[in-house]
Amino acid sequence: MRTQEQERNYNLAKIIQQQLFMGGKMIVFSWGSCNYKAIKNGLQFNVNGFRLKNGIVQIILDEGKDLYIINFIKRNLIIKTITEVFFEDLTSFIDREVELTENYNKDVENAVYQF
């Protein structure tokens, strides 16, 4: 049985995931996103994009401002933080840090996918 705080974090994580998908579900899936889990005041998931490989993204609600903080994590270190993000901008901000490279189209053409 979940505590009241765990239930609140779970519900918040579901809302954040829905807001993230509103920016484009296929974009989110292109990051290799997986292992979604509720964290305190937010959502965390793994990514494997062209730019951030084997990384973690955390989206945390800044309740005082009703905006989000996005942390990008590599090897248990926060490598970048973006603050004051509106929900409608979540997907584009994350996409820039996880997937987009200078030669993105060429990277996509040269990608080798393993199944």
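The values are calculated or read from the model by the stated rules, or taken from the named source; none is laboratory data. Worth saying up front: this structure is predicted, and the values here are computed from it rather than measured. Please note: Cβ atoms are built from the backbone with ideal geometry, for glycine as well, and neighbour counts cover all protein chains shown.
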Next on the checklist: Would you confirm whether or not region 61-68 contains a residue that is farther than 17 Å from residue 30 by Cα and touching a residue at least 40 places away in the same chain (Cβ under 8 Å)?
Outcome noted: yes
Checklist entry - Counting just the residues of region 81-113 that are farther than 15 Å from residue 54 by Cα and touching a helix residue (DSSP H, G or I) at 6+ places or on another chain (Cβ under 7 Å), which one comes out surrounded by the most Cβ atoms within 10 Å (Cβ to Cβ)? => result 90
Item to check | Matching residues, region 88-108, being over 16 Å from residue 57 (Cα atoms), in contact (Cβ under 8 Å) with a residue 12 or more places away in the chain and among the acidic types (Asp, Glu) | outcome: 88, 107
Item to check | Matching option when the condition is touching a strand residue (DSSP E or B) at 6+ places or on another chain (Cβ under 9 Å), farther than 16 Å from residue 91 by Cβ and either crowded, with 19+ Cβ neighbours inside 10 Å or modelled with pLDDT of 95 or more (or both), among 17, 6 | outcome: 6
Checklist entry - How many of the residues making up region 20-31 are buried (at least 18 other Cβ atoms within 10 Å of the Cβ) and either more than 23 Å from residue 110 (Cα to Cα) or not aromatic (Phe, Trp, Tyr) (or both)? => result 2
Checklist entry - Which members of region 28-64 meet the condition of being among the basic types (Lys, Arg) and under 22 Å from residue 7 (Cα atoms)? => result 37, 40
Next on the checklist: Here are the criteria: (1) outside any strand (DSSP E or B); (2) over 14 Å from the mean Cα position of the chain (by Cα). Tell me which single one residue 84 does not satisfy.
Outcome noted: (1)
Checklist entry - Which pairs do you get when a residue that is on the phi > 0 side of the Ramachandran plot, found in region 14-36, comes within reach of a residue that is among the polar types (S, T, N, Q) and not in a helix (DSSP H, G or I), reach meaning Cβ atoms under 7 angstrom, with the pair 6+ apart or on two chains? => result 32/48; 35/46
Checklist entry - If you check residue 85 against the conditions, is it in contact (Cβ under 8 Å) with a residue 40 or more places away in the chain and hydrophobic (A, V, I, L, M, F, W, C)? => result no
Checklist entry - Condition test on residue 46, is it within 23 Å of residue 12 (Cα to Cα), surrounded by 12 or more Cβ atoms within 10 Å (Cβ to Cβ) and either under 12 Å from the mean Cα position of the chain (by Cα) or modelled with pLDDT under 95 (or both)? => result yes
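Taking residue 61 as the residue in question, decide whether it is surrounded by 13 or more Cβ atoms within 10 Å (Cβ to Cβ), hydrophobic (A, V, I, L, M, F, W, C) and more than 19 Å from residue 9 (Cα to Cα).
no
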